[in-house]
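The structure appears right after this line, and notes come after that.
Bear in mind these aren't lab numbers, they're just calculated from the coordinates by the rules spelled out. Predicted model only: the values in this text are computed from it and were never measured. Here the Cβ positions follow ideal geometry from the backbone for every residue, glycine too, while neighbour counts run over all protein chains shown.
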Amino acid sequence: MMPANRVIKAQAVALRAVSRPHLVVAVLAFLLTFALRIRGVSAHFILLGDQIRDWAIALRPFYELPLVGPPTHVGGYTLGPAFYWILWTIRVGIGPFFQNLPHAGGIGQAAIHSAADALLLVAIWRRTGSPWIALATIVLVATASFDLSLAALVWNPTMGAALAKIAVATILLDWHCGSVARAAASAAVTWSAVQAYTGAIFVAVGVFTAFLADPLVRGDWRISRRNAVVIAAAVALLQLPYLAHQVAHGFGDQALGAVTFSVARIVSGESPPEMTKSVIGYVDAVRFIQIAPWTIPAAGWLLLVCGGIVAVRYYRDPAILSVTLLPQLAAIAGFSLFLAGLDHYYYLSLMPSAVLTVVLAATVLPFPRVRQAIGVALFAAALAVVPERIRHEATMPRMPEYGLLVDASRKIRSVRQPMRSIETDFKLPPTANPEFLFEVLGGQIDRNAQWSCLIRADGTLLYRQVTGS
């Protein structure tokens, strides 16, 4: 067996030899996926309660940011402030170019997604030696209709999915077997994904398993021990804000309440694990996120067969298995302990693992020319379905009133008068707030002011003078 240091040196030489093609293709992938994700975002950005809350937090000074993550719809909050730190950085870096309006945050998140795609493309290319496998995987992942509809959105589940892609890429690039700095960066981005969205924990399980198991298979106990320390240090440091939050609240502010409640019921014997529901939930999520608008009735069996092929072909490569099969198995096992309903977006961070599993299984033949031909065919097929995926994405929820609200808010702000209220004569989603954009632009809402404004569906404004208190 080749010693680990020789493996790393050989990979470094290979990287230098093909760095220019990698860079060119990665830049093109970033630009094309980024353009696809942000098209029309300034006109139909989805501005609901979560986006208003989180963008308002990002508008604060850094020292006023929360020490924990966003609240979850099942109770509690995520385990750390990584999402708010990243969103704040986006607001500071990109926001001023867009008057600090919230769609700037969507553009920033889309850029992170596309950067993650570019890095993952290079990582798969280097790991498999095939640009076609890498391109087919990234096209299938990045152009999924559901993913496209959410990528340019201020929302922590999509941020967690983007960070999880970066974490997977670092494993395929062997950062965990490189320098301490690279291993620490990989561990930090992995745990940041979990802080951004708890559902990324299953990808983190796979990544951290690769940290420990991959060096052992390569015969390097020293690297494995070092990585265990790196993981512990990275997680501990990133959890310091959470610890500070708990100290400030007397350790009485529980995170992930619904999750711990479900696990407690199962451990006590009050309820059994819901494995069947978990399997069905995962397969349905793959159908909805990756396969729609088409249907594959045997999608579950396809995933099972492809998983078996990958397990047999790559049984000596724990890094591959840890970022393809293990996250999916961990998610099925983990969500069987969650007694509430399962939404499709819970599984966003697992889609690269699922797609890569299928692509690797399809290209498993040991004959290089046949394998290359299959890779080219998969890439061509992935490109062929993109137009229909884009059309399908256009049918998914948007907020076409956003652009109208932005234009109206700018006009109202130009009057330079405090407003008692701003309302619309058309229906908005229940958690939307037509006053928020006006305040972001510097306008003042004063419930004692003399003027209010009505925004009409055609974009005209009706100012009304209010008398009395």
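Some values worked out for this structure:
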read-out: Contour minus Cα-Cα distance for VAL27 and ALA373 (0.36 nm per residue); value: 122.1 nm
read-out: Value of [θ]222 nm, deg cm²/dmol, for the chain, DSSP H segments ≥ 4, -39500 (n - 2.57) each, nearest 500; value: -20000 deg cm²/dmol
read-out: Euclidean distance of C-alpha centroids, the range 67-115 and the range 314-371, integer Å; value: 27
read-out: Pair GLN465, ALA232: separation of 7 Å Cα→Cβ label points (nm); value: 7.3
read-out: Cα coordinate range in the chain, projected on the principal axes (Å, largest first); value: 85, 53, 45
read-out: Principal-axis tilt of helix 4-17 within the chain, Cα atoms, nearest 10 degrees; value: 60
read-out: Scaled radius of gyration (Cα, divided by 2.2 N^0.38 Å) that the range 401-465 gives; value: 0.99
read-out: Most to least packed among 118-130, 83-95, 420-432 [average Cβ atoms within 10 Å]; value: 118-130, 83-95, 420-432
read-out: Cut-off under 5 Å, modelled amide H: who pairs with TYR77 long-range; value: THR72, LEU256, GLY257
read-out: Under 14 Å from LYS277, Cα to Cα: aspartates and glutamates that are on another chain or at least 8 residues apart; value: ASP343
read-out: Straight-distance crosslink candidates among aspartates and glutamates, where the alpha carbon sits under 18 Å from LYS427 and sequence neighbours closer than 8 are dropped; value: GLU401, ASP407, GLU435, ASP458
read-out: Between 0 and 90°, nearest 10: helix 318-335 axis offset from the chain longest Cα axis; value: 50
read-out: 0 to 90° range, to nearest 10: angle between helix 401-414 axis and the chain longest Cα axis; value: 50
read-out: Cα-projected label distance for ILE309 with GLN99, points at 7 Å along beta-carbon direction, nm; value: 5.3
read-out: Part-to-part distance (alpha-carbon centres) for the range 156-188 and the range 418-436, which is given in Å; value: 41
read-out: Förster-model FRET efficiency, 51 Å R0, VAL180 and GLN450, C-beta, rounded to 0.05; value: 0.20
